[in-house]
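Below is one structure; the comments refer to it alone.
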Amino acid sequence: MRILKLHGDKLLIKELKKSYNFFIKEANLDSNSDGYGLIRDKDMYAHEIASIASVGYGLAALIIGTERRWIKYEKAYRRAEKTLDTFLNNVEGENGFYYHFVNMKTGKREWNCEISIIDTAIFICGAIAAGEFFKKTVKEKAEKLYKRINWEWYRNKKSNYFYMGYKPEKGFWGQWDMYAEQLMLYVLGVASPTFPINSKMYTDFRKEKADYEDIKDIIYTYCGTLFTYQFSHAWIDFRETKDDSGIDWFENSIKATLANRKYCINNSKKFKTFGRDSWGLTACVGPKGYSGGYGAMPCLSNIEKQNDGTIAPCGPAGSIVFTPELSIKALEYFYNQVPKLWGKYGFKDAYNLEDGQWYSKECIGIDKGTSMVMIENYLSQLIWKNFMKNEYVQKGLDILNIKKTNRQYQKV
């Protein structure tokens, strides 16, 4: 049982290192395997299943580990390069996109899953960042993978929206018709030298606004779940930028995070887990399994039915660049007051105090990855600095007219 209490940067470094360890230790490192470099979706209950998004965060982990001298440069370089070889040669997909979940050993499709545009984008963001950091053949192979992606194939020509998913058995379905975690798709898509999309895809999707009490004009997402305000920001540095219509996406994520916390405070009498320092409504595992519906107002979904009192530490951790002081207070609370939330990879996925006490047993790659990258960005801007060096990222932002404004933000 832990006795020493941790606060501030010491706690952040501890969570950062533990999250990094997830991506180092939950990977296939068999050099003779077709699945070399693939990383598990989670550390329990899916032993042979990799998530391609986990691999994207794993590539970011190699950058962080090298910079912090947790791993030698040569070892990290070889691992990054061989991981990209796995995607160039073995991971199953179509038109440059990959299946969401693949076998750890073979790289072949698992769970009858979809070919995922958003998970492919998270992977390629990690590859691009690694390419800028390690240079040489890592950069060459990352850009080769990027140039393979046929963004036009995933576009609904009638609506000018990206489809939500694709399976060969049923074709495309759904569409990214309103704001969510997909900003990275437009930045990468418009800049593609091989299969560019039109810039109207960015201007055409719905950007609906609503207030939550005194927090005004939030461009909200369907479920109001925190990860939707975080995923693209983990890679793209939107600080002090605005587009042609005056949207500051970084400020919008600040407001959405503040609304998420305020919603938890306002519902603290309804749910024992909710409170001033226990907040973070985002997609995570809950008492009844994984749910993407945990969220806060404003939103369109019926969160009153979907919320059950589950709180995820990756919510505040993934928002630390938006609300540093409030996020650190939340992480201090989880670590010092909820010891059962801590495990070998740092914070476990979630907890819930309704009808007894429930604590998740597992850690999930995308949640540990978002926490890891955002904490590092808060501490050093390392992932932002490398990702933003890429010529195609800069070209994409330029085409979309997302420009620097030199705006300052108030710390919260």
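The values are calculated or read from the model by the stated rules, or taken from the named source; none is laboratory data. Values in this document were obtained by computation on a predicted structure and should not be read as measured data. Neighbour counts are summed over all protein chains in view; Cβ atoms, including those assigned to glycine, are modelled from backbone coordinates with ideal geometry. Note: areas computed on protein heavy atoms with side chains; ligands, DNA, RNA excluded. Shrake-Rupley method; radii C 1.70, N 1.55, O 1.52, S 1.80 Å.
Going through the range 60-86 one residue at a time, which ones are open to solvent by less than 10 Å² (accessible area, probe 1.4 Å), closer than 26 Å to GLU376 by Cα and not aliphatic (A, V, I, L, M)? Spell out how you get there, then give the answer.
As a first pass, look at the range 60-86 and keep what is open to solvent by less than 10 Å² (accessible area, probe 1.4 Å): 60-65, 76, 80, 83-84, 86.
In the following step, the residues that additionally are closer than 26 Å to GLU376 by Cα were identified as 60-65, 76, 80, 83-84.
Scanning the range 60-86 gives GLY65, THR83.
Results for (1) under 24 Å from GLU26 (Cβ atoms); (2) over 21 Å from the mean Cα position of the chain (by Cα); (3) buried (at least 16 other Cβ atoms within 10 Å of the Cβ), shown as yes or no for each residue.
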position	(1), (2), (3)
TYR99	yes, no, yes
ALA121	yes, no, yes
ILE124	yes, no, yes
LYS136	no, yes, no
TYR146	no, no, yes
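Condition first: in a loop (DSSP other than H, G, I, E, B) and surrounded by fewer than 15 Cβ atoms within 10 Å (Cβ to Cβ). Now tell me which residues in the range 390-412 satisfy that.
ASN401, THR405, ASN406, ARG407, GLN408, TYR409, GLN410, LYS411, VAL412
Quick one: how many residues across the range 106-119 are open to solvent by 50 Å² or more (accessible area, probe 1.4 Å) and closer than 15 Å to LEU88 by Cα?
So the answer is 2.
Keeping to the range 331-358, report how many residues are farther than 12 Å from CYS284 by Cα, touching a strand residue (DSSP E or B) at 6+ places or on another chain (Cβ under 8 Å) and not in a loop (DSSP other than H, G, I, E, B).
Of the range 331-358, the ones farther than 12 Å from CYS284 by Cα are 331-347, 353-358.
Remaining after also requiring touching a strand residue (DSSP E or B) at 6+ places or on another chain (Cβ under 8 Å): 331, 334-335, 338, 340-341, 357-358.
Cutting the leftovers down to not in a loop (DSSP other than H, G, I, E, B) gives us 331, 334-335, 340-341, 358.
Count: 6.
Take residues that are open to solvent by 40 Å² or more (accessible area, probe 1.4 Å), within 27 Å of PHE334 (Cβ to Cβ) and not polar (S, T, N, Q) and tell me which of the strands (runs of 3 or more DSSP E) falling wholly in the range 191-295 contain 1 or more. Break it down stepwise before answering.
Numbers: elements: 209-212, 215-219, 284-286, 289-291.
Passing ranges, in order: 289-291.
I want to confirm something. Restricting to the range 192-225 and keeping residues that are among the hydroxyl-bearing types (Ser, Thr, Tyr) and more than 24 Å from the chain's Cα centre (by Cα), which single residue is farthest from ASN307 (Cα to Cα)? Quick ask: steps written out before the conclusion?
Initially, the range 192-225 is screened for residues among the hydroxyl-bearing types (Ser, Thr, Tyr), giving 192, 194, 199, 202-203, 212, 220-222, 225.
With the extra rule that they be more than 24 Å from the chain's Cα centre (by Cα), the set shrinks to 194, 212.
Details: THR194: 43, TYR212: 17 Å.
Result: THR194.
Every residue, every condition in (1) outside any helix (DSSP H, G or I); (2) touching a strand residue (DSSP E or B) at 6+ places or on another chain (Cβ under 9 Å), yes or no:
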| residue | (1), (2) |
| --- | --- |
| GLY35 | yes, yes |
| TYR45 | yes, no |
| TYR57 | no, yes |
| LEU62 | no, no |
| TYR77 | no, no |
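Condition (residue is of a type in the set (Ser, Thr, Tyr) and surrounded by fewer than 24 Cβ atoms within 10 Å (Cβ to Cβ)) applied to the range 51-59: is it met by at least one residue? Show your work before the answer.
As a first pass, look at the range 51-59 and keep what is of a type in the set (Ser, Thr, Tyr): 51, 54, 57.
In the following step, the residues that additionally are surrounded by fewer than 24 Cβ atoms within 10 Å (Cβ to Cβ) were identified as none.
There is no residue in the range 51-59 that is of a type in the set (Ser, Thr, Tyr) and surrounded by fewer than 24 Cβ atoms within 10 Å (Cβ to Cβ).
Can you tell me which residue among THR106, THR66 is part of a helix (DSSP H, G or I) and of a type in the set (S, T, N, Q)? Let's see the steps before the verdict.
Values: THR106 fails: part of a helix (DSSP H, G or I).
Answer to the selection: THR66.
Read through the list (1) touching a Cys at 6+ places or on another chain (Cβ under 9 Å); (2) open to solvent by less than 10 Å² (accessible area, probe 1.4 Å); (3) within 21 Å of ASP43 (Cα to Cα), then give the number of the only condition that ILE303 fails.
With respect to (1) touching a Cys at 6+ places or on another chain (Cβ under 9 Å); (2) open to solvent by less than 10 Å² (accessible area, probe 1.4 Å); (3) within 21 Å of ASP43 (Cα to Cα), ILE303 is out only on (3).
Answer yes if at least one residue in the range 34-46 is at pLDDT below 95, of a type in the set (A, V, I, L, M) and within 30 Å of GLY289 (Cβ to Cβ), and no otherwise. Outline the logic, then answer.
Just the residues of the range 34-46 that are at pLDDT below 95, to begin with: 43-46.
Now restrict to residues that are of a type in the set (A, V, I, L, M): 44, 46.
This time we only want the ones that are within 30 Å of GLY289 (Cβ to Cβ), so: 44, 46.
Yes, the conditions are met somewhere in the range 34-46.
Those residues that are outside any helix (DSSP H, G or I) and closer than 19 Å to ASN150 by Cβ, I need them from the range 79-101; list them, please. Steps first, please.
Initial filter on the range 79-101 (outside any helix (DSSP H, G or I)): 90-101.
VAL91, GLU92, GLY93, GLU94, ASN95, GLY96, PHE97, TYR98, TYR99, HIS100, listed by residue number.
Out of the range 393-412, which residues are more than 26 Å from LYS147 (Cβ to Cβ) and within 22 Å of the chain's Cα centre (by Cα)?
VAL412
Among the residues that make up the range 321-329, is at least one of them closer than 13 Å to ASN260 by Cα, open to solvent by less than 10 Å² (accessible area, probe 1.4 Å), not in a helix (DSSP H, G or I) and not aliphatic (A, V, I, L, M)? So that I can check it myself, show each step before the final result.
Of the residues in the range 321-329, the ones closer than 13 Å to ASN260 by Cα are 322-323, 326-327.
Pick out the ones that are also open to solvent by less than 10 Å² (accessible area, probe 1.4 Å) and you get 322-323, 327.
Cutting the leftovers down to not in a helix (DSSP H, G or I) gives us 322-323.
Next cut, not aliphatic (A, V, I, L, M) only: 322-323.
Yes, the range 321-329 contains a residue that is closer than 13 Å to ASN260 by Cα, open to solvent by less than 10 Å² (accessible area, probe 1.4 Å), not in a helix (DSSP H, G or I) and not aliphatic (A, V, I, L, M).
Here's a check for you: in the range 1-33, which residue that is modelled with pLDDT of 95 or more and in contact with an Asp or Glu (Cβ under 8 Å, 6 or more places away or on another chain) is farthest from ASN336 (Cα to Cα)?
Only one residue tops the list, namely GLU26.
Just give me the residues in the range 1-26 being closer than 29 Å to ASN89 by Cβ and open to solvent by less than 20 Å² (accessible area, probe 1.4 Å), in sequence order.
Here is the first cut: in the range 1-26, the residues closer than 29 Å to ASN89 by Cβ are 19-26.
Passing the criteria: SER19, TYR20, PHE22, PHE23, GLU26.
Can you say whether GLY165 is in contact (Cβ under 8 Å) with a residue 12 or more places away in the chain, under 30 Å from ASN95 (Cα atoms) and assigned to a helix (DSSP H, G or I), as far as the supplied structure shows? Walk me through how you get there before you give the answer.
Values: in contact (Cβ under 8 Å) with a residue 12 or more places away in the chain: yes; under 30 Å from ASN95 (Cα atoms): yes; assigned to a helix (DSSP H, G or I): no.
For GLY165, the condition - in contact (Cβ under 8 Å) with a residue 12 or more places away in the chain, under 30 Å from ASN95 (Cα atoms) and assigned to a helix (DSSP H, G or I) - is not met.
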